[in-house]
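Trainee: Dropping the structure in here first, questions after.
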Amino acid sequence: MKILIVEDDTRAAHYLNKGLSESGHQCDLAADGETGLHMAITGQYDVLIVDRMMPKLDGLALIAAFRAAGKTTPVMVLSALGEVDDRISGLRVGGDDYLVKPYAFGELLARLNALTRRAQPAASGLENDTLTVADLVLDRNKHRVTRAEQRILLQPREFRLLEYLMRHADQVVTRTMLLEQVWDYHFDPQTNVIEVHISRLRRKIDRDFSLPLLHTIRGAGYRLGIVPED
């Protein structure tokens, strides 16, 4: 998951970021409400974790503004304010879950997973029939792929592979994930079938363009997206 943490307490934010990163998630941090709202609206996240008491813009106002902007990303409120009325107000403004500090990290992780699972049916609807990563566009209805408005012809398995990678853009996708989700294998056939298809796909979507999008992460898997410069 790609997670935005909006938390002004540096130690609390560091602890949360460390735990989530060690669990395989990618996190961005914002130390005040205004910055958090801007990042939440302009970025692409699977879930937001928002503290209530923050400088510049409090957490509830952030969530209300985020929902007013038409955003449906799941939001977990994380706060020391734990009275019933506090929890109700957090949910009423648009929060999807409310966890009181101090908390058990295992419970937080389980709740985040539950939030993203509940959001998945909406992600398979019409709004995601077109997937976009940089200038690469995949249209599921037309079974059409373009990059910089140039048509790219893919075989059915290549199309399915690209669709899966685009649905998990900016995340590391492992060999096991690809075998199960693209090939429907629940075992490793001990062949180079994935490497062959990745190589073919890379030639088609990257060869004629200056900015590579499909990257091999040594010892981990593959990642589709723009790699930021050092």
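Trainee: Evaluate the range 179-186: report whether one residue or more is modelled with pLDDT of 90 or more, closer than 28 Å to residue 22 by Cα and among the aromatic types (Phe, Trp, Tyr).
Mentor: From the range 179-186, those modelled with pLDDT of 90 or more are none; that's our starting set.
No: zero hits.
Trainee: On to the next question. Please identify the pairs in which a residue from the range 213-226 that is within 16 Å of residue 201 (Cα to Cα) has its Cβ atom under 7 Å from the Cβ atom of a residue that is among the polar types (S, T, N, Q), counting only partners at least 6 apart or on another chain.
Mentor: 221/174; 222/216; 223/171
Trainee: Follow-up question, since we're still on this one. If the Cβ limit is 9 Å and pairs must be 6+ apart or interchain, which residue in the range 169-196 that is among the acidic types (Asp, Glu) pairs with which residue that is assigned to a loop (DSSP other than H, G, I, E, B)?
Mentor: Close Cβ pairs (under 9 Å, with a partner that is assigned to a loop (DSSP other than H, G, I, E, B)) amount to 170/44; 170/225; 170/226; 180/186.
Trainee: Here is a follow-up. Can you tell me how many residues in the range 68-114 are among the aliphatic types (A, V, I, L, M) and part of a helix (DSSP H, G or I)? First the steps, then the outcome.
Mentor: Initial filter on the range 68-114 (among the aliphatic types (A, V, I, L, M)): 68-69, 75-78, 80-81, 84, 88, 91, 93, 99-100, 104, 108-110, 112, 114.
From the residues that got through so far, the ones that are part of a helix (DSSP H, G or I) too are 68, 84, 88, 91, 108-110, 112, 114.
So the answer is 9.
Trainee: Further question on the same structure: Check the range 27-46 and report whether any residue there is touching a helix residue (DSSP H, G or I) at 6+ places or on another chain (Cβ under 8 Å), under 24 Å from residue 165 (Cβ atoms) and among the small types (Gly, Ala, Ser).
Mentor: No, the range 27-46 has no match at all.
Trainee: Please enumerate the residues belonging to the range 64-88 that are buried (at least 17 other Cβ atoms within 10 Å of the Cβ) and under 18 Å from residue 8 (Cα atoms).
Mentor: Scanning the range 64-88 gives 75, 76, 77, 78, 79, 81.
Trainee: Which fully enclosed strands (runs of 3 or more DSSP E) of the range 138-230 have 1 or more residues being touching a Leu at 6+ places or on another chain (Cβ under 8 Å) and surrounded by fewer than 17 Cβ atoms within 10 Å (Cβ to Cβ)?
Mentor: 144-147, 214-217
Residues are listed down the side, and each one gets a yes or a no for (1) within 22 Å of residue 171 (Cβ to Cβ); (2) free of Cβ contacts under 8 Å to residues at least 40 places away in the same chain:
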position: 38; (1), (2): no, yes
position: 46; (1), (2): yes, no
position: 75; (1), (2): yes, yes
position: 80; (1), (2): no, yes
position: 85; (1), (2): no, yes
position: 111; (1), (2): yes, yes
position: 138; (1), (2): yes, yes
position: 143; (1), (2): no, yes
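Trainee: Any residue at all in the range 127-138 that is under 22 Å from residue 43 (Cβ atoms), under 15 Å from the mean Cα position of the chain (by Cα) and either aromatic (Phe, Trp, Tyr) or at pLDDT below 90 (or both)?
Mentor: Taking every residue of the range 127-138 in turn, at least one turns out to be under 22 Å from residue 43 (Cβ atoms), under 15 Å from the mean Cα position of the chain (by Cα) and either aromatic (Phe, Trp, Tyr) or at pLDDT below 90 (or both).
Trainee: Taking residue 11, is it in a helix (DSSP H, G or I) and in contact with a strand residue (DSSP E or B) (Cβ under 7 Å, 6 or more places away or on another chain)?
Mentor: Details: in a helix (DSSP H, G or I): yes; in contact with a strand residue (DSSP E or B) (Cβ under 7 Å, 6 or more places away or on another chain): no.
The answer is no for residue 11.
Trainee: What number of residues in the range 31-63 are surrounded by fewer than 15 Cβ atoms within 10 Å (Cβ to Cβ), of a type in the set (A, V, I, L, M, F, W, C) and under 25 Å from residue 117 (Cα atoms)?
Mentor: 1
The values are calculated or read from the model by the stated rules, or taken from the named source; none is laboratory data. In this text the structure is predicted, and so the values were computed from the model without any measurement. As a convention, Cβ positions derive from the backbone with ideal geometry for all residues, glycine included, and neighbour counts pool all protein chains shown.
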